[in-house]
Amino acid sequence: MRMYPEPGVPHHVPHFHVYYQNHAAVYSIDPIEMISGELPRREQRLVEAWAKLHQSELQENWERLQAGRAVYKIEPLR
């Protein structure tokens with residue numbers, strides 16, 4: 001999972017990117033939903049469960065990144 005800084009560039013919605021093998025997807029943070037790409041169904045469910053658990057952290061990291069600040073590490077799904 002990745003977020004990319006683009007300070008000063010307007011984005012459509014706060015989001016993060018997910019890469020799994022040959023698949024890639026983009027998820028919005030609020031609400032947690034896939035907005036482009038595709039993942040296998042199992043991985044899609046895991047990403048959505050993880051993102052719901054860490055939604056506030058994802059939002060905070062989005063804001064920090066877009067302001068040019070370092071992000072905090074978020075615990076992986078176990």
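The values are calculated or read from the model by the stated rules, or taken from the named source; none is laboratory data. Not measured: the values here are computed from a predicted model. Cβ coordinates were reconstructed from backbone atoms using ideal geometry, including for glycine residues, and neighbour counts include every protein chain displayed.
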Among the residues of the range 50-76, the number that are closer than 20 Å to Tyr20 by Cα and loosely packed, with under 12 Cβ neighbours inside 10 Å is 4
Restricting to the range 37-62, give me the number of residues that are over 12 Å from the mean Cα position of the chain (by Cα) and under 23 Å from Val9 (Cβ atoms).
1
Count of the range 1-36 residues which are among the small types (Gly, Ala, Ser) and surrounded by 15 or more Cβ atoms within 10 Å (Cβ to Cβ):
2
Among (1) free of Cβ contacts under 8 Å to residues at least 40 places away in the same chain; (2) in contact with an Asp or Glu (Cβ under 8 Å, 6 or more places away or on another chain); (3) within 25 Å of Gly68 (Cα to Cα); (4) not basic (Lys, Arg), where does Pro14 come up short?
(1)
Taking first residues from the range 48-62 that are outside any helix (DSSP H, G or I) and second residues anywhere that are surrounded by 13 or more Cβ atoms within 10 Å (Cβ to Cβ), the pairs with Cβ under 7 Å that are 6 or more apart or on different chains are His54/Ile74
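Can you tell which of Pro31, Pro10, Pro5 is in a loop (DSSP other than H, G, I, E, B) and modelled with pLDDT of 95 or more? Break it down stepwise before answering.
Values: Pro10 fails: modelled with pLDDT of 95 or more; Pro5 fails: modelled with pLDDT of 95 or more.
Being in a loop (DSSP other than H, G, I, E, B) and modelled with pLDDT of 95 or more holds for just one of Pro31, Pro10, Pro5, which is Pro31.
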Of all residues in the range 63-78, count the ones that are in a loop (DSSP other than H, G, I, E, B), more than 13 Å from the chain's Cα centre (by Cα) and free of Cβ contacts under 8 Å to residues at least 12 places away in the same chain.
3
Is there a residue in the range 38-46 that is in a loop (DSSP other than H, G, I, E, B), among the acidic types (Asp, Glu) and either in contact (Cβ under 8 Å) with a residue 60 or more places away in the chain or surrounded by fewer than 15 Cβ atoms within 10 Å (Cβ to Cβ) (or both)?
no
